[in-house]
Structure formats: structure tokens, C-alpha cells
Amino acid sequence: MRRTRPERALARGQEKDQLLLAMIEAKAPYEERRRALVALEKRWLREEKTETGRQRTRRGIAEDLVTLAYSFNKPWLEFGRCLRRVQQLGFSNLALRVHVTCLYVQSLHLFPHRAREAWAMLDDAERRVHRLRLKNPLRREHLESLSHAKRVARVPRPPTR
């Protein structure tokens, strides 16, 4: 029996969560976790029947890799590679755009020379959030996330040119 897309998404989400939880419990290093996510992505890509499904899979894993690189305080070489991949693939939704942007701004102390780009990305995310209807509960949540990232950022916004 074939599963519906929401059922597949739920099963995959649970599988990924179990994998990541096992890695956390095992105190696995960054490289091992990254390899596990990439292997999971490859397996899921083989199972996908459509290019749209493959893009969705690539996008989801790429967003997870940015979060993983952030949580391990990876330098620009690694964090930037993950970030560029997400930017090339596009963001899954506005919430993940806001999440990745906040991680970028909050990690600037590791690569301060990227401040102008990170703050521009934050401004762009903020503009997109402001386009949501005032009554949309996600609007306030996203604005709070962006505001928090601004407050805790260790590298200030560079002056405008």
C-alpha cells in the first residue's frame, strides 16, 4: 500500500529525528553526524520518484546541515558551504529562512568579515516577515526570533556605505 505524501513526510521526520537523537546520545562528532545526514539524503533521493520530491529532500537536509554546522561552531569554510547550498536550493519556507538567518547572524563572531552579507540577509528576512498579515501568529514569532538574533549578535551591524 502506498503512503500519502504527509504520511511519508511524517515517517521521514521521525526517522531523521531518531538518527539525530542516537548521534547525540552517542556524542558523535560533527563529521559523523554530517555523514549520517548525507547518507540519509542519498537513500531518500533514490526512493523519490519526482524531481520536485528530490528538491524537497535536498532542501530539507541542507537546512539541517546549516543547523548542525552552527551547533558545532564550524568556521566559515564549513558553515559557508552549508549556507551556500541552502541559498542555491532555496528555503523550504519562511520559518526556515528566518531560522537560518538567525543562525548566520549569531555565528558572525566566528567569521566577522561576513557581517555585511549576514545583516543584509536578516534585513531581507525581516522584509519578508513584514509582508505576512498582521493577524498571522507566525509574523510575531518570526519578528521575535529576528529581534533576539539582533540582540545577541556579537558582531554589530556594519555602517551603511
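The values are calculated or read from the model by the stated rules, or taken from the named source; none is laboratory data. Computed from a prediction, not measured in an experiment: that's the story for all the values here. Here the Cβ is made from the backbone with ideal geometry for all residues, glycine too, and neighbour counts use every protein chain on show. When the accessible area is computed, the model is the full protein with side chains, heavy atoms only, and any ligands, DNA or RNA have been set aside. Shrake-Rupley method; radii C 1.70, N 1.55, O 1.52, S 1.80 Å.
Observations on the model:
- Members of segment 23-33 that are of a type in the set (A, V, I, L, M) and surrounded by 12 or more Cβ atoms within 10 Å (Cβ to Cβ): MET23, ALA28
- Of all residues in segment 69-123, those satisfying the criterion of being in a helix (DSSP H, G or I), within 17 Å of LYS150 (Cα to Cα) and of a type in the set (Phe, Trp, Tyr) are TYR70, TYR104, TRP119.
- Residue within segment 71-94 that is within 21 Å of ALA36 (Cα to Cα), surrounded by fewer than 16 Cβ atoms within 10 Å (Cβ to Cβ), over 10 Å from the mean Cα position of the chain (by Cα) and among the small types (Gly, Ala, Ser) present: yes
- Qualifying positions in segment 108-138 - open to solvent by 50 Å² or more (accessible area, probe 1.4 Å) and either in contact with a His (Cβ under 8 Å, 6 or more places away or on another chain) or closer than 17 Å to VAL66 by Cα (or both): HIS109, LEU110, ARG114, GLU117
- Check on ARG5, out of contact with any helix residue (DSSP H, G or I) (no Cβ under 8 Å at 6 or more places or on another chain) and either without any contact (Cβ under 8 Å) to a residue 24 or more places away in the chain or under 29 Å from LEU146 (Cβ atoms) (or both): yes
- Given (1) open to solvent by 50 Å² or more (accessible area, probe 1.4 Å); (2) among the hydrophobic types (A, V, I, L, M, F, W, C); (3) over 21 Å from GLY53 (Cβ atoms), number of the condition ALA9 does not satisfy: (3)
- All conditions but one from (1) closer than 16 Å to GLU63 by Cβ; (2) open to solvent by 40 Å² or more (accessible area, probe 1.4 Å) apply to SER147; the one that does not is (1).
- Test: residue in segment 53-60 that is assigned to a helix (DSSP H, G or I), over 17 Å from the mean Cα position of the chain (by Cα) and modelled with pLDDT under 95: yes
- Neighbours by Cβ (under 7 Å, 6+ apart or cross-chain): first from segment 137-161, of a type in the set (A, V, I, L, M, F, W, C); second part of a loop (DSSP other than H, G, I, E, B) and open to solvent by less than 70 Å² (accessible area, probe 1.4 Å): LEU138/LEU132
- Members of segment 34-52 found to be exposed (fewer than 15 other Cβ atoms within 10 Å of the Cβ) and in a helix (DSSP H, G or I), listed by number: ARG35, VAL38, ALA39, LYS42, ARG43, LEU45, ARG46, GLU47, GLU51, THR52
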